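If you scroll down you'll find the structure; I have some questions about it.
The values are calculated or read from the model by the stated rules, or taken from the named source; none is laboratory data. Everything quoted here is computed from the prediction, not taken from an experiment. When we count neighbours, we look across all protein chains shown, and the Cβ atoms used for this are built from the backbone with ideal geometry, even at glycine. Surface areas here come from the heavy atoms of the whole protein model, side chains and all, with no ligands, DNA or RNA. Shrake-Rupley method; radii C 1.70, N 1.55, O 1.52, S 1.80 Å.
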2 protein chains.
Amino acid sequence: MTNIQQMAMKAKAVSPILAEASSEQKNRALEAMMTGLKDQEKRILEANREDIALAKTSGLNEAMIDRLSLQNRMDGILTDIEQVKQLPDPIGEVFEQQTLPNQLQVVKCRTPIGVLGVIYESRPNVTIDVSALTIKSGNCAILRGGSETLHTNLVLVDCLQKAFVSAGLPSEAIQLLASANRAHVQEMLRQHAYIDLIIPRGSANLQEFCRENSTIPVIFGGIGICHLFVDASADFEKALMVIDNAKTQRPTVCNALDTLLVHGEIAPFFIPKVVDALGKKEVRFRMDEKASKICSGCPLAGEKDWDTEWLSLVLGIKVVENLRDAIDHIRAHSTGHSDGILTENKANAELFVKAIDSAAVYVNASTRFTDGGQMGLGAEVANSTQKLHARGPMGLKELTSYKWVIRGNYHVRN
Amino acid sequence: MTNIQQMAMKAKAVSPILAEASSEQKNRALEAMMTGLKDQEKRILEANREDIALAKTSGLNEAMIDRLSLQNRMDGILTDIEQVKQLPDPIGEVFEQQTLPNQLQVVKCRTPIGVLGVIYESRPNVTIDVSALTIKSGNCAILRGGSETLHTNLVLVDCLQKAFVSAGLPSEAIQLLASANRAHVQEMLRQHAYIDLIIPRGSANLQEFCRENSTIPVIFGGIGICHLFVDASADFEKALMVIDNAKTQRPTVCNALDTLLVHGEIAPFFIPKVVDALGKKEVRFRMDEKASKICSGCPLAGEKDWDTEWLSLVLGIKVVENLRDAIDHIRAHSTGHSDGILTENKANAELFVKAIDSAAVYVNASTRFTDGGQMGLGAEVANSTQKLHARGPMGLKELTSYKWVIRGNYHVRN
């Protein structure tokens, strides 16, 4: 038996203990996590500096190194755990109660999913966020973090496991797969006898790898080619602020704006405003022919550009004839993450909402709100762009399944 | 481009039309289906007789031929469509409304999943049930029925497609993959660019094939190794009726009883009652050592028998020491479909309900109730035993996803 299979079996074996743990016990574990992380802060930061030093040696770029660092971030991590602790426990919640005509009492009751396999890269705070959500929702998890954060994650998971034990929960509730080898990930993806769900947080390449190799259900997500359509009726000053926010507030993330669609009637005066305002913030543009005629000097977009998630200060701009044209473009190029309309016309807003089938559809707001924390979920374990199980930000409830509980008086079927 | 890829692309292309169709239009399509099937009854039954004749020639067994036949079943099929028509339209339903502290208005809104791939065997009424649920929930589907029902399905799908067109919906809403070739199924399982969900209705072998080959999410289910535990406090006369019903009312289906667990205290007098009553109905038994000592003459169960879905008049009987012992056996051997306890002890009932993590958990009722029709869903598209997306009977609502709709006043994120 391989190491990975053993980890998966251990997780499955302890999962009923987590499933039956009381809210009090799970909250005690979260408290112990906070205490343990505080007590071990020095050791954690030491390991983190080791990872950073190695990352610099191996030539990782500044942005990657920044995501890796826990310096000045420990307080935020503890706050995340405290928030998850404050949230109501989803497990055991009873919903859709009914009494059938034959007097059978039927309810649905929320249960944990069981064992999660979470595969992610760089940011070590994900280790803590995911663990807090996993424990609170009565699940177990096998975490496979990025190889560049190995030392940090080893210390973090050691702290977590000690916290669980001190709260009377098994240390195997969270296990770390400390391997940079993709063959090991591949093996993990085939443990359908023990692992119930795979959550890959990372590149399109990682997700594709999971799609091709997993025999376990996978939550796809986190790839956002996001659009805003500026309707002819929009409030232009305010629209400009929203576009600026969606593009520049944090350009490296999945809910940042990628393509701006502008109604043809307003394009001649509105696009120059956008170029002026965002250009000052070092945004670079890729324009369709019509837009580039309005703003000569801006480079033409290649056909592939409409299918590119920029994750940087690049913005595609395209002139569309009308709302229907905008809808068609979004349907053809969106990854179904976050798309919005800016308009004062209520009928157009509702037509857009009905026609666009993305995880988050916006009317007069920045796409940057697609986020578990912003939506009141406390934290998020993933941002799903697929249609099964959960869509958009996934918090505690999205880490649950349900069972039907049927109570009778020795009922038989006719 | 292959034929299958073309079908999948066509389905994806028309899926927004289905998604935007009004309840009235979808109900008109369901009415037209009923009218069309009634008008074409003679042609349908002719094609069905052709399939039956071929099945007899190729030596299919009586049970299979019975499942294949539509003789005397057309009324039931029309009633199923009418029931689906009567159910409320799930699409567009708004739930979990909230106003965030920053005044953003957030709701979730129910949407169709998109394109379903349904793979099933024999029974041609599934073609109609699945199509009715698919249309009502705003989805499209590619159906791959059993090769032994090919002639029947060709006529049925022709009727359905004409009905859709008469209601102003595209004929491609339901397409039939008329192929007995598994390589074609394999190709279907890789159309993740166009198909959103695979529902295999059939053998464990078919489900395993889908698990290994699909790059599309799969709903696993319909394999039921079902248990009843008779507690020491049960009402024995009534318990016997429930056991009889669970085992003999329809032994060939997934929610029929497979293993009876009997509390040690009552085993000596209760097991002979079971053997006496069910033996008269030609049930054959497989017993553990303790039970077989009580009823000598009954064959001993092999270790594999506890992991066998009988689908016939065979019943495993095992003596357990207590409730915890029963729970351990069920956890080790259940497929998570339907498991129950028969008891007058409320604390034991609640402990059982908490500890057993199956799609349907029963207290004092027959396992035979795990069924969409019985649970008020009108019909069912599958009976899920996995934990993602939907568990247990799946009706209209389980064929939906949701999107977040966020309405603001040009909100930006801080």
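Looking at A:383, A:414, can you tell me which residue is open to solvent by 40 Å² or more (accessible area, probe 1.4 Å) and modelled with pLDDT under 95?
Result of the check over A:383, A:414: A:414.
Then there's this: Which residues, taken from the range A:13-38, are more than 14 Å from residue A:139 (Cα to Cα) and open to solvent by less than 50 Å² (accessible area, probe 1.4 Å)?
The answer is A:32, A:33, A:34, A:36, A:37.
Of all the strands (runs of 3 or more DSSP E) wholly in the range A:327-414, which have at least 3 residues that are within 16 Å of the chain's Cα centre (by Cα)?
Output list reads A:382-384, A:392-394.
While we're on this one: With the structure loaded, tell me whether residue B:306 is away from chain A (no Cβ under 11 Å), touching a residue at least 40 places away in the same chain (Cβ under 8 Å) and in a helix (DSSP H, G or I) or whether it fails that test.
Criteria met by residue B:306.
Which is in a loop (DSSP other than H, G, I, E, B), away from chain A (no Cβ under 14 Å), farther than 30 Å from residue B:343 by Cβ and open to solvent by 40 Å² or more (accessible area, probe 1.4 Å), of B:180, B:193?
Going through B:180, B:193 in turn, the sole match is B:180.
Would you pick out the residues in the range B:276-299 that are part of a loop (DSSP other than H, G, I, E, B), under 33 Å from the mean Cα position of the chain (by Cα) and under 17 Å from residue B:263 (Cβ atoms)?
B:288, the sole residue that qualifies.
This table checks each residue for (1) out of contact with any helix residue (DSSP H, G or I) (no Cβ under 6 Å at 6 or more places or on another chain); (2) at the interface with chain B (Cβ under 7 Å from one of its Cβ atoms); (3) farther than 15 Å from residue A:227 by Cβ.
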| site | (1), (2), (3) |
| --- | --- |
| A:346 | yes, no, yes |
| A:352 | yes, no, no |
| A:362 | yes, yes, no |
| A:380 | yes, no, yes |
| A:387 | yes, yes, yes |
| A:390 | no, no, yes |
| A:403 | yes, yes, yes |
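Could you tell me whether any residue of the range B:59-69 is open to solvent by less than 30 Å² (accessible area, probe 1.4 Å) and modelled with pLDDT of 95 or more?
no
Is it fair to say residue A:339 is open to solvent by 40 Å² or more (accessible area, probe 1.4 Å) and at pLDDT 95 or above?
Criteria not met by residue A:339.
Let me ask another. Being in a helix (DSSP H, G or I) and in contact (Cβ under 8 Å) with a residue 24 or more places away in the chain is the requirement here; does residue B:315 meet it?
no
Right, another one. Which one of A:68, A:87 is in contact with a Lys or Arg (Cβ under 8 Å, 6 or more places away or on another chain) and within 21 Å of residue A:159 (Cα to Cα)?
The match here is A:68.
Could you please let me know if residue B:90 is under 23 Å from the mean Cα position of the chain (by Cα) and within 14 Å of another protein chain (Cβ to nearest Cβ)?
Taking the combined requirement at face value, the residue satisfies it.
Collect the residues in the range A:105-156 that are open to solvent by 10 Å² or more (accessible area, probe 1.4 Å), part of a strand (DSSP E or B) and either more than 14 Å from every other protein chain (Cβ to nearest Cβ) or over 22 Å from residue A:93 (Cβ atoms) (or both), keeping them in residue-number order.
A:144
Of all residues in the range A:392-401, which are open to solvent by 10 Å² or more (accessible area, probe 1.4 Å) and more than 10 Å from chain B (Cβ to nearest Cβ)?
Matches in the range A:392-401: A:396, A:398.
Right, here's the next one. How many of the residues making up the range B:272-298 are out of contact with any strand residue (DSSP E or B) (no Cβ under 6 Å at 6 or more places or on another chain) and not hydroxyl-bearing (Ser, Thr, Tyr)?
16
Right, something else. In the range A:364-378, what count of residues is obtained for those that are at the interface with chain B (Cβ under 7 Å from one of its Cβ atoms) and crowded, with 22+ Cβ neighbours inside 10 Å?
Selection size over the range A:364-378: 5.
Given the structure, is residue A:233 among the polar types (S, T, N, Q) and either assigned by TED's automatic domain parsing to the domain that holds residue A:27 or open to solvent by 50 Å² or more (accessible area, probe 1.4 Å) (or both)?
no
Return yes or no: is residue B:215 farther than 23 Å from residue A:191 by Cβ and in contact (Cβ under 8 Å) with a residue 12 or more places away in the chain?
No: the conditions fail for residue B:215.
Filter the range A:253-264 for residues that are open to solvent by 20 Å² or more (accessible area, probe 1.4 Å) and within 16 Å of the chain's Cα centre (by Cα); which is nearest to the other protein chains (Cβ to nearest Cβ)?
Checked the range A:253-264; the qualifying residue nearest to the other protein chains (Cβ to nearest Cβ) is A:253.
Further question: Specify the residue that is nearest to residue B:194 (Cα to Cα); the eligible residues are those in the range B:238-252 that are facing another protein chain (nearest Cβ under 9 Å) and assigned to a helix (DSSP H, G or I).
B:246
Within the range A:70-104, which residues are β-branched (Val, Ile, Thr) and open to solvent by less than 40 Å² (accessible area, probe 1.4 Å)?
A:77, A:81, A:84, A:91
Related question: Which of the residues that make up the range A:339-361 are under 14 Å from residue A:261 (Cβ atoms) and touching a residue at least 60 places away in the same chain (Cβ under 8 Å)?
Within the range A:339-361, A:339, A:340, A:341, A:342, A:343, A:348, A:352 qualify.
Another question about this same structure. Determine if the range A:213-227 includes at least one residue that is open to solvent by 20 Å² or more (accessible area, probe 1.4 Å), in contact with a helix residue (DSSP H, G or I) (Cβ under 7 Å, 6 or more places away or on another chain), assigned to a helix (DSSP H, G or I) and assigned by TED's automatic domain parsing to the domain that holds residue A:8.
Scanning the range A:213-227, I find at least one residue that is open to solvent by 20 Å² or more (accessible area, probe 1.4 Å), in contact with a helix residue (DSSP H, G or I) (Cβ under 7 Å, 6 or more places away or on another chain), assigned to a helix (DSSP H, G or I) and assigned by TED's automatic domain parsing to the domain that holds residue A:8, so the answer is yes.
Given the conditions (1) touching a residue at least 12 places away in the same chain (Cβ under 8 Å); (2) outside any loop (DSSP other than H, G, I, E, B); (3) surrounded by fewer than 24 Cβ atoms within 10 Å (Cβ to Cβ), report the number of the one that residue A:165 does not fulfil.
It fails just one condition, (1).
Still on this structure: Given A:220, A:229, which one is under 19 Å from the mean Cα position of the chain (by Cα) and not charged (D, E, K, R)?
None of the others qualify; the one that does is A:220.
Restricting to the range B:196-237, name every residue that is within 11 Å of chain A (Cβ to nearest Cβ) and basic (Lys, Arg).
Of everything in the range B:196-237, just one residue is within 11 Å of chain A (Cβ to nearest Cβ) and basic (Lys, Arg), namely B:211.
Here's something else I'd like to know. Which one of the conditions (1) outside the structural domain of residue A:304 (by TED's automatic domain parsing); (2) surrounded by 19 or more Cβ atoms within 10 Å (Cβ to Cβ); (3) of a type in the set (A, V, I, L, M) does residue A:246 fail to meet, given that it meets all the rest?
(1)
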